[in-house]
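For reference, the structure is listed below as structure tokens.
Since every read-out is calculated from the coordinates, none of them should be taken as a lab result. What you see is a predicted model; the values in this text were computed from it and never measured. Because the Cβ atoms are built from the backbone with ideal geometry, glycine has one as well, and the counts that use them run over all protein chains shown.
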Amino acid sequence: MSLTYKNTPILGLVCSLLMASAAFAQSTASGALEFSARITPTAARPEPVRQFTFYVLRKSYAEVCKEVEGGDPLVPRDKFIDDLKISAELRTWLKTHEIMDLTLPGFDKAVTPDDVINVPEFLLAYQRSNSGGVTNGIPKPKYADADKTAHPEKYERQQKEYLTALKKFIQAHPETVNGMELELDGVNPQRKWAKLESEHRRRIQRLSPDVAQTKYFVTKVDTDLDGHARINGIPPGDYWISTLNLNADAGDARLRWDVAVAIQAGQTTRIDLTNLNATDGRAASAQ
């Protein structure tokens, strides 16, 4: 036996009411985000950020970058120093000083007479920078390399005498240490360290957007020609509106946003994205 409904209009009305009720319940259970993005270049008027993609994340993009870096840390400084092809004395010196670039101006201020005598690379650099008669009165070694095997005791005694005299000379003439950094380029670890840091930074910058969009992505939206955008149906909670690693440009300004927003049920959260709550994209890229 089949049933037929004669009051089809009434049934349709009931269904419409149920659908409207469900839609209303959904709208009151979620919230909306509305924002405008503007950039003010130097000595210029604000400009809207047009047709630019913004992302809503469940985590700050800055924290996402830290998370990625935590899973792919830079090699420890001491481990890097241990792998360098330098003397054990220079390794020890580097580990006890917050200096990696041995050719920086003013480097000599961090070097003591004992350092010059005890670190082979420093001693050689000091000797070279003061060679050719440019430094009056500097002690000269009397031992010969041939005595190292033929007359080891004589060699050792004369070498010790030379180093003792040289140390006293450096103490009396500290200005003679100036310029020795120019002779340290061949053993300077700064280039390798800078390359390692740069490669690590680029790797983090490359991986972070993918992690943000796979683990913490909520939604995204493009601004209109006036720099406005609206997103409906966002569950209540704390979020971040972000440009990830992309810069919004206007004039001389290169900006990124990573701004916290709170979404409440049945309400619209409004926020203005400006220079004041942005970060400099060029500085962020250099970090």
Report summary line: Surpassing 19 Å at the alpha-carbon level, of the pairs Lys140/Lys167; Lys95/Lys168; Lys109/Lys167, are Lys95/Lys168
Report summary line: Semi-axes of the stretch 138-287 from the Cα gyration tensor (sqrt of 5 times each eigenvalue, largest first, whole Å) come to 66, 18, 14
Query - Helix-only CD estimate at 222 nm, as mean residue ellipticity for the chain, using -39500 (n - 2.57) per DSSP H run (n ≥ 4) - result: -13000 deg cm²/dmol
Query raised in the report: For Arg157 and His173 in one chain, what is 0.36 nm times their gap in residues minus the Cα-Cα distance, to one decimal in nm?
Result: 3.3 nm
Report summary line: Beyond 23 Å, the calculated P(r) of the chain holds a percent of Cα-Cα pairs equal to 71 percent
Query raised in the report: How large is ³J(HN,Hα) for each residue in the stretch 193-208, as worked out from phi by the Karplus curve 6.51 cos²θ - 1.76 cosθ + 1.60 (θ = phi - 60°), to whole Hz, x for Gly and Pro?
Result: 5, 5, 5, 4, 5, 5, 5, 5, 4, 5, 5, 5, 5, 7, 7, 4
Query raised in the report: In whole Hz, what ³J(HN,Hα) sequence does the stretch 130-145 give by Karplus (6.51, -1.76, 1.60; θ = phi - 60°), x for Gly and Pro?
Result: 10, 8, x, x, 7, 10, 6, x, 5, x, 10, x, 9, 7, 10, 4
**Report entry** Net charge of Cβ neighbours under 9 Å - reference Ala250; Lys, Arg +1; Asp, Glu -1
**Finding:** -1
Report task. First select every other residue whose beta carbon is under 11 angstrom from the beta carbon of Pro174; then total the charges, Lys and Arg +1, Asp and Glu -1. Result -> -1
Report summary line: Dimensionless Rg/Rh of the stretch 85-187, both radii on Cα and Rh by Kirkwood, sits at 0.98
Query raised in the report: Got a sec? Which residues in the stretch 34-73 would a label at Phe217 touch, if it sits 7 Å along Cα→Cβ and we count backbone N under 11 Å?
Result: 56
**Report entry** Degrees separating the helix 8-29 axis from the principal Cα axis of the chain, which is the longest one
**Finding:** 30 degrees
Requested in this report: Count charges around Leu184 for me, please; just the other residues with Cβ under 15 Å from its Cβ, Lys/Arg as +1, Asp/Glu as -1.
Outcome: -2
Query raised in the report: Extent of the stretch 76-124 along each principal axis, from alpha carbon coordinates, in Å, largest to smallest?
Result: 28, 20, 15
Report summary line: Per the charge dipole of the chain (beta-carbon charges, Lys/Arg positive, Asp/Glu negative, Cα centre), the residue among Ala32, Leu124, Ser198 reaching farthest to the positive end is Ala32
Query - Added length on full extension, which subtracts the Cα-Cα distance from 0.36 nm per residue, Gln190 to Ile99 - result: 31.9 nm
Query raised in the report: Which whole-Hz ³J(HN,Hα) couplings does the stretch 95-102 yield from phi under the Karplus relation 6.51 cos²θ - 1.76 cosθ + 1.60, θ = phi - 60°, glycine and proline marked x?
Result: 5, 9, 10, 7, 10, 10, 8, 7
